[in-house]
Structures are given as C-alpha cells and as structure tokens.
Amino acid sequence: MIRTALLAASALLALPATAQEARQTANFNAPVKSFGRVSYDARSLMIDGKRLVVWSSEMHAFRLPSPDLWRDVLQKMKASGFNTVALYFDWGFHSPKKGVYDFSGIRDIDRLLTMAEEEGLWVMTRAGPYVNAELTRGGFPGWLVNQRGRARTDDPEYLAASDEWLTRINAIIARHQINGDGKGNRGTVILHQIENELALTTPAQRRYMDHLYAKARADGITVPIFHNDQGRNGYWVPEDSKVEKTVPGPNDMYAFDGYPGGTCTVTGQPTRGSAAPDWGYYGPGGAKGGASASPNTPGFLAEFGGGWFDYWGSNGGYECNAIQRGKRFQRVFYGTNLANGIQIQSFYMGFGGTSWGWLPAPVVFTSYDYGSALSEAREVRPKAEELKQLGGLIAAVPDLAGMIPAGKPEISSDRIQVYHNKSPETDARFLLVTHKPSNGQTSDRFTVTADLPDGRYTLPLQLDGFDAKWLVAGVNLGGQRLVYSTSELQTILKQDNRDVALIYGRTGEAGETVLRYASEPKVTVLEGGATSAFDTKGDLKLRYAHRGLTRVRISGGGRPDLLLLIGDEAEGAKFWRTDDVLVRGPALIRSAKVTNGVLALTGDTREASPLEIWAPSSVRSATWNGTKVATTRTHSGSVTATAPLAAPVDFALPALTDWRVAGGSPEAAPDYNDRDWAKIDNRAYASITARADGQPNMLMDAYGFHEGDVWYRGRFTGTPDAERLKLHYGAGGAGLVQVFLDGKLIGQDEIPAGLPRPITTGAPGFTLPDAARAPGEHVLSVMVRNNGHNWDLDADDFHKEARGLVSASIEPVAGASFAVPIAWKINGRSEDLFDPVRGVPNNGGLDGERRGWYLPGFNDRGWKTATVPAARAAQGTSWYRTSVDLAVPKGQDATIGLAFGDTTKPRSPVAYRVLIFVNGWNMGQFIAHVGPQRVFPIPEGILNHRGRNSIALAVTSDGAPGNALEEVKLVTLRNVKGGLPVRMVAAPTTPEQLK
Ligand code: IPT
C-alpha cells in the first residue's frame, strides 16, 4: 500500500467548513483566570497582572547540535524584538530504547531553558508526546512503531510509553516555570502545550487529552495549558466555551495554527498570495467583538507561518520563502492578526536550523532553513530587521495588549482599509493601515479621519504596493503625549529626565507627528529637516520626510525633553534597543550591561560600522566586545565612537585534499561474517502496511533498527526457478534499496521524490542473472536506506508504515505460484547506541559506521589514496576520508559549509548519494540527482574553527560511469566580527571509545 502525505502547502489554506460556523463574539467580560503569576481573560495574557502581547518565534535546539550556539539564536531572537520563544521537544531524540532517556550534552533541555531565562525571553514549551515538526515519526521514538496499540489514543500501552517521556520532560519544564516548582527553582516558562494538532476528536482522543492534561498537572506544570488546533476549527476548546460545533477539551486555552500567505513558484519566485485572514474580531460575520471559537480566552496562534519547509527534489525554495513570508508580509499578516485580537502569536520558525543525521521526516531534506528570520547559517535576515521594528513597537506601547475594536474611521480611498483598535484602560489606539484586500499592490495616497482620544484628526497617508503601517495614537509614551503619527514608532526610552523616541517611515515618504503640550515647546532641528507648528489645542505638529536620520529636540511646554529621531526604514534598522540603552550602527547588539559606570556592549559587525550610544548619564564610558571605545559627545545627547568598529577580515579556506578511500559494501560479500546478525522470524507485526501472505516479519523496526541504513542477507540454493526477485520495501522520501547477488550489484530502486507529497514505499522487480540459477548456496544482500519514518499528523498510525523490506520473493517469471525459500538475516543500528553521545540521529547500520570509520580518530592509513572529484565509483557504499585545518580569525563568527559539485544548480546530471560526517557528526545527506540541497552548513562546535577537522563521506552509487563524488569544498556562508565563544561539543573520537 502506498500512502502519500497530507502535508501539502496548498491544503493548509482552506479551512474546514466548521471554522466558519464556530464563530462567536469574544466575551470581553470573561472573568480573569489565574495560574500563579500567569493569568488571562478574553483580551490578553497577563503576567503578574500586567497585560502582555506575547510575541514569539520558534526554535528547535535539536536542530542545532552545538549548545553554545543556542544562546546565539536566543540573543538574535531577543534582539529581533521577540519577548518569547516557543520550543518543541523531540521525544525520539532523547529515547533510543524503551525506558532509556538522555538529557545530556546536545540534549540538555535544562541548559536551554536556563539560557532562555538568562537572555530575558518568556518560553512556551511544546512537549509532545507528538510534535510533527517534519521530524521522523513526528517526534515519536523508533521503538514506538513496534507498539500494536494505536498512538495518540488512550490505549494503555501507548499511554505508558508517553508517560515515560512526559514524566522526564515535564520535570525539567516544571523547574523552569515562572511559578517555580515549589522547590526553589524558577524560570520563564509561561505557557505549556500538550499534544499537537490532534484533529481526530473521538472519545478515545478525549480521554487521551484528559490524560495528558492530568499528567502535566501531576508532574507539576502549573502554567496555563493549551493545544494547537490545525486550523481555526474549534477543536479542543476550553469546556466553558460553549460554542456550537466546537469540540471541548480539558485545556485552559485555545490555540490554533495558520500558514496563509501563498507559495513560491517552481522557479523560486514569490507570488503575492492571498490576503491576510481575519481570524478574530474582524472575521466574517463577527461584527465588533470578533469571531472566536473560544470566547473566554485571548486570540492565540501557536504557529503562524514565518516560512515553510522544502521538499526533496524541489528547486530550492528557502530564499524565496524568506521573501514570500518576509518583509511586508510580516507587517500585513502579523499586523492583521494583532488587530484581530490575536494577542499571542508565535512564528514558525524563527530559526529553522538543520535536520541533521536521521532527524528528517520523509517530506524534507537536511536543511530546515524554513526561510525563517534567522537563516540556517544563523544570519539575521532583512526580515528580522523588520521584526525588530514591529517588536519594538509592541514593547514600547504596553497599551497594545488587550485592545478591542474601536470603530471604523473614514477613509478617502476604497482601496484602503484601517483596523482601528483601542485599549479599554487607556483609550490608546492602534491603527493598522493596509490595502483592501490586504494583498493589494497599488500605490495610494489617502486620508484617514478618526475620532482619536485627543480629538478628531485627519491623517494624510501613503501606501506603496503590498504593505501595512502599524500606527499608534492617543498614547502616553514616557513623559510625552503622542496625539498621532503617520510614522511608525520603533522604540522610546526614558533616560534621566528626557525621553528618546525613534520613529521611521518608508524612504522619501512625508510624515507628520503630533504631540500635545500645555504651552508651546522649543523645537530644535539638530540634523536633517523638519518643520513645526503649534496650535491653540496645544498640538505641536512636526512635518518631515523620511530620509536618512532627522534629529529633533523638543524642550519645555510642560513636559520632559524629547529627542525625536526620525529615520527611513533602513536607518531605523540600524538601531538596537536594550533595557535602557539605544545603540546605532553595528549589525547586532547582543547585550548591554552597565557596571560601575562602564557600559559593556557585545555584538557583531559585518563591515566597519559607526557606533552611537544613547545611555543614561550614569554611564561614563563604553566597551565593545571587551575593548574600550574612545567616544565623543554629540549635540543629540549621545556619544559616538571616534573610530568605526572594525570589520571582520576575510579568511581563506583550505582545499580538501589527501583523500583516502575504502571501497564497496563489505556486507555484500558472500563470505561476510553475519554470525551476530538477527534471524528474520515471525515476530509480532505492528505496521499499518499490509504484507503478502506467508511472509515472515522482515521490517527493520521489528528488530530494533529504526534509523538510516539496514542490511539484509538472504541465503538460497540456486535453482532454474530463480528468475526474478520481487521486493516490497519502505524507505521514506527519496529512499533507496540496493540489491547484490554474491557480492555483485544486480540493481537498485529509488523512491521518486513525488513532491510535494513524498512517496515512501516501493515495489520493484529485478531480473536475476544466470548466477542465481547455478547450483549451490547464494547470498542475496540488500541494503535499504531509510530516509525517515512518516509523521502521524492525522493520528492514523501513519508513522507505523513499513520501513526496510516488507517482503522479498525469488520466483520464476511464468506461473509464479511458489517462491524459492530464502533464509534471511538482518543488521542495523540497534537501540543500544554505539555512539550515545552523538545520539539517536547520528548513525544507521553500515558496517563502516559500526567500525567507527566516521570518527575523526579512526586510523585510515591503510586505506588507498584517492582524488576528488572521483573519476568512478565502486558499486555500493564507499567511504572517503580527509582532514583539514581551519584558522578562522579569533573574535569572528563564521558559518562554514560543505559544498558538493555545481552549487548553481539544484541537482547534478550524475546520480549518487552521500552521508556527510564532520568530526564524527552526521550532518546530513546529499543526493546529487534529487537535490536541491548542495551546501551543508556545519555549526561551529561540530566544526573546529581553529584546529583540525575530519570529514568522512559515505558515498553510495550504482557504479555506473560518472555516478561518482563530484568536487567537495568548504565555503564561507557568513562571516562577522563578534559572535560568542563556542566550545567543541565533546564526543568520542576513536572507534575504541564506542560502546
Ligand atoms: C504544523 C505542525 O504543527 C508543525 O509541527 C509543522 O509540521 C508545521 O505544520 C509545518 O512546518 S501542521 C500543519 C497542518 C499546519
């Protein structure tokens, strides 16, 4: 049976019919529900009673196997304006075997949660048991596929298994909750997710959900618990929702996921896609008050597409995705969410990372870049700079939390719409100005007239192409009163007795800002151009164009001094704000700490950069990455560095030379010693894949082999009936089977990419050569490369689809009513890991892997020397090894990748595949003729940036001319001055150190 995936981007755009019906006015009078320091009503989350817009993005520590770099990602998220990080945990990553769990090294969740706290981020934990996440088995451990009981139900066997995991992960999370664990531990976890997009809502699922909720509570989780609905379907809403056609569950809060926004074309061009959906107050039929499946809880998007994954065999869509769901998209879509009362939104992904080793589900290849704000190479993409501006506004205007619709303003153009919200507490306003529909791309000049808190005003505005503006009005900011501004506010901070505000707009556009005073203040234009006028109402109106940076000082008028910085968008992006310091210039500010009057700034530069600092007067001097900076005072109350901050220096990467090779697949040799291999027998069969009658259980998982390559050896006696071999196998996306007879490759079969819905099984036939019909014993050797188990998105046990051989039959071509008996044995990488430090995803079951050929300390001096590119390849799998010394300049953070062949094309004209081991770590799989990934970023800590590195490539080919390893080289993907200290991840280096 061939099943295809349900995870196609297009399928996500349509909501089931129930979504339209599950609508009800949000209950703005809903009582506050408290869970220790966290509480909520229908309007927002609150922490210690203070309303908060939860502005979050997702990262997966398991997709970055270098823990020191977790902090780099968290710092970049924080610097990009996020106040929260969402984290999935991958059960299978921690559990190689039933009852065995590992939270050490690259699996140290405790360390991750401590870092998030240290970096000042709130945390949403998403602990499974099922997570999906384009992971093999959606995060289920390999051993779970052998369970007969249906997963994601209240089947006792499944519950016992998932409780094993939950007991352990919940204990760690509990220690890091904002509420503490009652034993003196405390952290920043504010929300906790149980299960993931469980769209089957039968009684068994309800009992399961009840169990998960009770389990979390029993394990000491005290923060609000939620589940993420696959769309706005009303599945698992809180019991008190009482909305028709919704499905209640035990959860405290209702959350849903959404991935609108359109796709890229096959040639990697962004399309403009659909308009932003109104998933809340302004939804269809929901007059003011909105449309919610859960009227008593705030709008909550647990995942909102901040990119999308990419498929085996695509043309490479990540750069396009970063644009499609990038600048402007974020303003339009995330803004529409906020206007609709989605007060908790988390972007999936904020940093995608790498599905290294055998982490990927069949649907994805190694790179999980996702087109997210932070690239796989940890680059801060331009879209992250836009996020910084949006997150800056959210942080600067706490009134945005808990806003409700405020009535329709008058708009002079019918091509424009304005979402107008207010804070019931302060009457502050939020105006989201966008096209109507919001994917409109016209250029418009228009006015918006609204009754604002300080009076009725007409705002002259402009919108050029796909865009949205996030405006605030009638709001107290520091000591100032902002009547309105047609510019967007990026940040405001109070320093001593003055306020420093940064506003910005599109380059060249006119802007106006109105501030309210008791009497006429003094306006001094320090730099750039602005005019001002004061009227009898007390309004000071400033007019200017957004070009470069304009600086205006306003003093007197009954208010503290204000330094108003007015930038164009690019200028705004050069500013970074930490608690009470504003910095302009560098590519990144990581931290700003004041000790004894010295401001210690850390961050990155991509080029020689100016440095300008606005700090409280208690700051007397500054350092940059530990070195004192000479500064001079400016007329706008800042200091600037007298010399630019240094740029990173270029460095050369050595060529990869001195290769050595060990040939072939030893498992294929007739005399290979398979004494310790398991005999194929009739053990219990738990797969959803039907098999031919009378076949033994050949599935790799049944023998404890779940990841990567598995080998079968079958002995049979030669007979004239041995004419052909029929196989049925499962191997995931772009999987492979190779068949050898008495040591010679007789054929292979590859599973077509089938994009975007991967095909995961195959049923090839092979004509047997004459040798099979010769008398005596013959050995059939079969390697199955398992490119991942299916996910279980629909809770139908799809992860239990067969992997490895399902059946094998040697038979005559005509009248095949009988088959030649074969005695099979199997071997792979068992649940007792031989390299537990690198862990579950690192290894499959190749002979070379078990012998430690992938390790840096393996002695390959006995191997033949080889040149790469290789002229020809042996049939089967050959290992290539070399080592290389790197000398990345000290104090520089680079991302270095391994590149194969012609990186300008998504795939090669020749066919072969490579498992890439760097210093013993399996950093992914290159499939030359499938693609699209040809460059594999290797994180520092796996790669030694200042020392020796070992590279081992397991190259698999059919041996046909040309199907051999192309050029392999190192490439620099990113290079900045700055970064964080990164230690090498400790792991065994020699075969002797393996278990
Ligand atoms: C949603 C999953 O919850 C998440 O784990 C991930 O798989 C994401 O999709 C896609 O990257 S499921 C989907 C139906 C939106």
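The values are calculated or read from the model by the stated rules, or taken from the named source; none is laboratory data. All values reported here derive from a predicted model rather than from experimental measurement. Cβ: placed from backbone, ideal geometry, glycine included. Neighbour counts: every protein chain shown. Accessible surface is based on the protein model in full, side chains and every heavy atom, while ligands, DNA and RNA are left aside. Shrake-Rupley method; radii C 1.70, N 1.55, O 1.52, S 1.80 Å.
Below is a table of values for the structure above.
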{"quantity": "Dipole of the stretch 771-917 [Lys/Arg +1, Asp/Glu -1 at C-beta], most positive-end residue of LEU855, PRO821, GLY788", "calculated": "LEU855"}
{"quantity": "Nonlocal amide H pairs with ILE942, under 5 Å, H built at 1.01 Å", "calculated": "VAL985"}
{"quantity": "Given LYS76/LYS469; LYS327/LYS574; LYS327/LYS541; LYS78/LYS628; LYS388/LYS574, the pairs whose alpha carbons are separated by over 21 Å", "calculated": "LYS76/LYS469; LYS327/LYS541; LYS78/LYS628"}
{"quantity": "Enclosed volume per residue, in Å³, of the convex hull spanned by Cα atoms of the chain", "calculated": "162 Å³"}
{"quantity": "Expected-Rg normalisation [2.2 N^0.38 Å, Cα atoms] applied to the stretch 682-827", "calculated": "1.04"}
{"quantity": "5 angstrom amide H check on GLU512, placed H, neighbours 5+ away", "calculated": "THR486, SER487"}
{"quantity": "Whole-Hz couplings from phi, Karplus 6.51/-1.76/1.60, listed for the stretch 420-431; x for Gly and Pro", "calculated": "10, 10, 9, 8, x, 7, 10, 6, 4, 10, 10, 10"}
{"quantity": "Residues of type lysines that LYS245 reaches as a straight line, Cα spacing below 23 Å, ignoring anything fewer than 8 places off in the same chain", "calculated": "LYS288"}
{"quantity": "For the stretch 930-940, Karplus couplings with θ = phi - 60° (6.51, -1.76, 1.60), whole Hz, Gly/Pro x", "calculated": "9, x, x, 7, 10, 10, 10, x, 10, x, 4"}
{"quantity": "Size of charge dipole - the stretch 5-380 - debye, nearest 20, with Cβ of Lys, Arg +1 and Asp, Glu -1, no other charges", "calculated": "500 debye"}
{"quantity": "Overall Cα dimensions of the stretch 404-521, principal axis frame, Å, largest first", "calculated": "44, 31, 24"}
{"quantity": "Sequence-separation-based contact order of the stretch 227-316, relative, with Cα cut under 8 Å and 6+ spacing, percent", "calculated": "29 percent"}
{"quantity": "Lysines with Cα under 19 Å of LYS864, excluding same-chain neighbours fewer than 8 positions away", "calculated": "none"}
{"quantity": "Length added when fully stretched, ALA986-SER413, from 0.36 nm per residue minus Cα-Cα", "calculated": "200.0 nm"}
{"quantity": "Estimated FRET transfer efficiency when R0 is 25 angstrom, pair ASN682-THR717 (beta carbons, to 0.05)", "calculated": "0.70"}
{"quantity": "Residue order for CYS320, CYS264 - accessible surface, 1.4 angstrom probe, largest first", "calculated": "CYS264, CYS320"}
{"quantity": "Relative contact order computed over the stretch 835-994 (Cα-Cα under 8 Å; 6+ residues apart), in percent", "calculated": "37 percent"}
{"quantity": "Amide H partners (placed H, <5 Å) of LEU846, local residues excluded", "calculated": "ASP709"}
{"quantity": "Calculated from backbone phi, Karplus (6.51, -1.76, 1.60) coupling profile of the stretch 356-369 in Hz, x at Gly/Pro", "calculated": "6, x, 9, 5, x, 6, x, 6, 10, 9, 5, 6, 10, 3"}
{"quantity": "About the Cα centre, charge dipole magnitude for the stretch 429-586 (Lys/Arg +1, Asp/Glu -1 at Cβ), debye", "calculated": "200 debye"}
{"quantity": "Positive-end residue, the chain charge dipole about Cα centroid, Cβ charges, pick of PRO961, GLY664, GLY528", "calculated": "GLY528"}
{"quantity": "With DNA, RNA and ligands ignored, accessible area of LYS537 (1.4 Å probe; Å², nearest 10)", "calculated": "110 Å²"}
{"quantity": "For q = 0.14, 0.20 Å⁻¹, Debye-computed log10 I/I(0) when each Cα of the stretch 226-329 counts as one equal scatterer", "calculated": "-0.64, -0.95"}
{"quantity": "All aspartates and glutamates inside 16 Å of LYS969 as judged from Cα atoms, apart from same-chain residues fewer than 8 positions distant", "calculated": "ASP658, ASP885, ASP902"}
{"quantity": "Size of charge dipole - the chain - debye, nearest 20, with Cβ of Lys, Arg +1 and Asp, Glu -1, no other charges", "calculated": "1720 debye"}
{"quantity": "Segment ALA218-ASP427, extension gain: residue separation times 0.36 nm, minus the distance between their alpha carbons", "calculated": "71.1 nm"}
{"quantity": "Where the Cα pairs of the stretch 741-793 fall when distances are cut into 10 Å bins, in %", "calculated": "18, 41, 24, 14, 4"}
{"quantity": "Estimated FRET transfer efficiency when R0 is 41 angstrom, pair ALA510-SER34 (beta carbons, to 0.05)", "calculated": "0.30"}
{"quantity": "Heavy-atom accessible area order for ARG559, ARG43, largest first, 1.4 Å probe", "calculated": "ARG559, ARG43"}
{"quantity": "Accessible surface ranking that places the most exposed of LYS78, LYS541 first, with a 1.4 angstrom probe", "calculated": "LYS78, LYS541"}
{"quantity": "Theoretical ellipticity at 222 nm over the chain - DSSP helices of four or more residues, -39500 (n - 2.57) apiece, nearest 500", "calculated": "-3000 deg cm²/dmol"}
{"quantity": "Per residue accessible area of the stretch 404-591, 1.4 Å probe, in Å²", "calculated": "36 Å²"}
{"quantity": "Rel. contact order, % - alpha carbon contacts under 8 angstrom, at least six apart, the chain", "calculated": "12 percent"}
{"quantity": "Accessible-area composition of the stretch 317-401, carbon plus sulfur, in percent [1.4 Å probe]", "calculated": "60 percent"}
{"quantity": "Inter-probe distance in nm under a simple model that places probes 7 Å from Cα toward Cβ, at ALA763 and GLN269", "calculated": "4.1 nm"}
{"quantity": "Dimensionless Rg/Rh of the stretch 5-380 - Kirkwood Rh, Rg from C-alpha atoms", "calculated": "0.93"}
{"quantity": "Descending Cα extents along the principal axes, the stretch 490-548, whole Å", "calculated": "33, 28, 18"}
{"quantity": "Heavy-atom surface of the stretch 835-994, accessible at 1.4 Å and reported per residue (Å²)", "calculated": "34 Å²"}
{"quantity": "Gain upon complete extension [ALA643, LYS593; 0.36 nm per residue less C-alpha separation]", "calculated": "15.8 nm"}
{"quantity": "P(r) histogram, all alpha-carbon pairs of the stretch 66-196 included - 10 Å bins from 0, percent", "calculated": "12, 41, 33, 12, 1"}
{"quantity": "Cα centroid separation - the stretch 209-247 against the stretch 854-919, whole Å", "calculated": "48 Å"}
